[in-house]
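I have placed the structure first, in the form of structure tokens, so that the comments after it can refer back to it.
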Amino acid sequence: MKRALLLLLCGCSLRAPRVTESQPCSSDSQCQHGYVCFLGECRQPASNLSVVAVEVRPADNSPYGTMQQGKIDLHASAVNDFALQAPLSAAGGVTQDQGAAGPVAVPGATVIFTGHAPAIPDRVEQVSALSDSSGGFTARLPQGTWDVLVTPPSQLPPYRPAPLDTTAPVLSYVLPNVSSLVKATGAVTSQDGGPLPGAGVTAVDGTGAQLSAPALSQADGGYSLLLPPGTTSYLVQVGPPEDLDGGQAALALDPLPVFDELVPLSSGVSVILTPEVTLTGHVKDTTGAPVSAARVYARSYQEPWTLSRSAISADDGSYSMTLRAGIYQVEAAPSTDATAPGVSGEETIPILSDATHDFTCPPKIQRQGYVVTQTVGVVAAGYQVTATRMADDLLTTRTAITTPTDSSGVYHLVADPGLYRIEVVPPAQAQLPRKIVQFDIDADPLPTIEISPPLVAVGTICGRKAPPCTSSDPQVAGATVSFYSLDASGAHGIFLGSALTDAKGHYSAVLPDVAQPGP
């Protein structure tokens, strides 16, 4: 998966861009075969780029809703209109069945609407609402199908009604009667049979979706959960309780890993809790000098439980953290400042008793590279370069320090060692697409980055039920039109480029005209 961007945007053979003079026109018949007349010019289709997905997001004050559309074939035509519709603005309510007494309002319930099967898998739209003292709420939903999750404010389980279709909306949600809920009780105990009070306990299904509200184990280790009607078994997550800010609250039993276990309704959970151990050590650079304010990470590895901890090194480079005996992945990450050393890299170590482990952080890497095009060679000054280190098992993404290209097409970066996603954004006047590549910056010199041939995708955004747009349709100004390709797995969208619509609803987006990977 980490190689998907490279395969998509630089692993293919690029054809030289077609250079033709703009041909004026007033109709498609005046253009050569395959070209389309738009705004008085003949527009050529893509040579290599084919099926893409499009998201149109109107301005915040727009009366229209966001739209996603898949399978736009730019090889057939680079001219495409998109129609936006007014969103569903409707009132709903959350109540709970009380049998013969009739339903009662449920104030303070959170209602979350999540886009169902979006055209761009990782661009999922989500809208939330909160019920008032009468149980009522309002929602403004773009046209389409939405999954619904209702989370009551009490110990009642989450409620998942049928998906909502905005063409036939039903926004009145009735939570099941308490008498129909399944009550699950048990106890959290250690392997020696002793109770573990104060642990957070949550029931989930096989997909990880919550079946219950979180609960705390009591002084005797006992817990009680309410589950949806018809539940026969569940997975239980046992771990530290969350505090009011969403973080991990302090426990007398500290640290407590997170356990996942399949539990029949008639039993409790026995947690195999390994002994507490302390990991200490120092973070140093390659000269042996201490590195202060470095974040040290530890995460359990291939254990039947999950435990993650971190600590910050002191002025003398020392650190200390409490864990449970087991196998861990560890890594030290100094500041991203150019003068600080780089990350230490991941290591896997056994920590079965109190242990000491020192980290050595190498200097940051300083590199320079070139940005070129097929037609003119090295590019001019002002091409913006962003370098983002790909996340590893312990660290999230980290951004390198980079400079724009100079007049020789050279850019510079200072970064931690590792695999990077490099994005080059040409200045607007260049009329060239952004370029995204992926490579390991340990290489010296860095691979030359070649800007892909451009494809200008154009069209109109209007307010109506379906395209094409006509001159009598409302024009949607200030909308962002974004184009995405899917990676080889089809699970992730890769951003290709975007544009804003003008006062007449017209957009013009410069995209990379490159081939896409097969399935």
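The values are calculated or read from the model by the stated rules, or taken from the named source; none is laboratory data. What you see is a predicted model, and the numbers here were worked out from it, not measured in a lab. Methodologically, a virtual Cβ is constructed for each residue, glycine included, from the backbone with ideal geometry; neighbour enumeration extends over all protein chains shown.
How many of the residues in the range 73-89 are of a type in the set (A, V, I, L, M, F, W, C) and assigned to a loop (DSSP other than H, G, I, E, B)? Summing the residues that are of a type in the set (A, V, I, L, M, F, W, C) and assigned to a loop (DSSP other than H, G, I, E, B) in the range 73-89 gives 4.
Taking the range 440-490 and the strands (runs of 3 or more DSSP E) fully enclosed by it, the elements with 3 or more residues that are more than 19 Å from Arg421 (Cα to Cα) are at 454-463, 480-486.
Scanning the range 470-519 for residues that are modelled with pLDDT of 90 or more, surrounded by fewer than 22 Cβ atoms within 10 Å (Cβ to Cβ), more than 12 Å from Val56 (Cβ to Cβ) and among the polar types (S, T, N, Q) returns Thr470, Ser472, Gln475, Ser508.
Pick from the range 292-306 the residues that are touching a Gly at 6+ places or on another chain (Cβ under 9 Å) and among the hydrophobic types (A, V, I, L, M, F, W, C): which of them is surrounded by the most Cβ atoms within 10 Å (Cβ to Cβ)? Selected residue: Ala294. So for the range 266-284 (the condition being outside the structural domain of Gly317 (by TED's automatic domain parsing), assigned to a strand (DSSP E or B) and at pLDDT below 75), does at least one residue qualify? No, there is no match, as no residue in the range 266-284 is outside the structural domain of Gly317 (by TED's automatic domain parsing), assigned to a strand (DSSP E or B) and at pLDDT below 75. Of the residues making up the range 348-372, those that are surrounded by fewer than 13 Cβ atoms within 10 Å (Cβ to Cβ) and under 29 Å from the mean Cα position of the chain (by Cα) number 1. Could you check the range 398-420 and list, in sequence order, the residues that are free of Cβ contacts under 8 Å to residues at least 40 places away in the same chain, part of a strand (DSSP E or B) and of a type in the set (S, T, N, Q)? Within the range 398-420, just Thr402 meets the criteria. Going by what's in this entry, would Val414 be described as surrounded by 16 or more Cβ atoms within 10 Å (Cβ to Cβ) and either within 27 Å of Ala499 (Cα to Cα) or assigned by TED's automatic domain parsing to the domain that holds Glu346 (or both)? In short, no. Within the range 92-115, the residues that satisfy the criterion of being modelled with pLDDT of 95 or more and either touching a helix residue (DSSP H, G or I) at 6+ places or on another chain (Cβ under 7 Å) or small (Gly, Ala, Ser) (or both) are Gly92, Gly93, Ala105, Gly108, Ala109, Gly115. Of the strands (runs of 3 or more DSSP E) that lie entirely inside the range 161-209, those containing 2 or more residues that are exposed (fewer than 14 other Cβ atoms within 10 Å of the Cβ) span 182-190.
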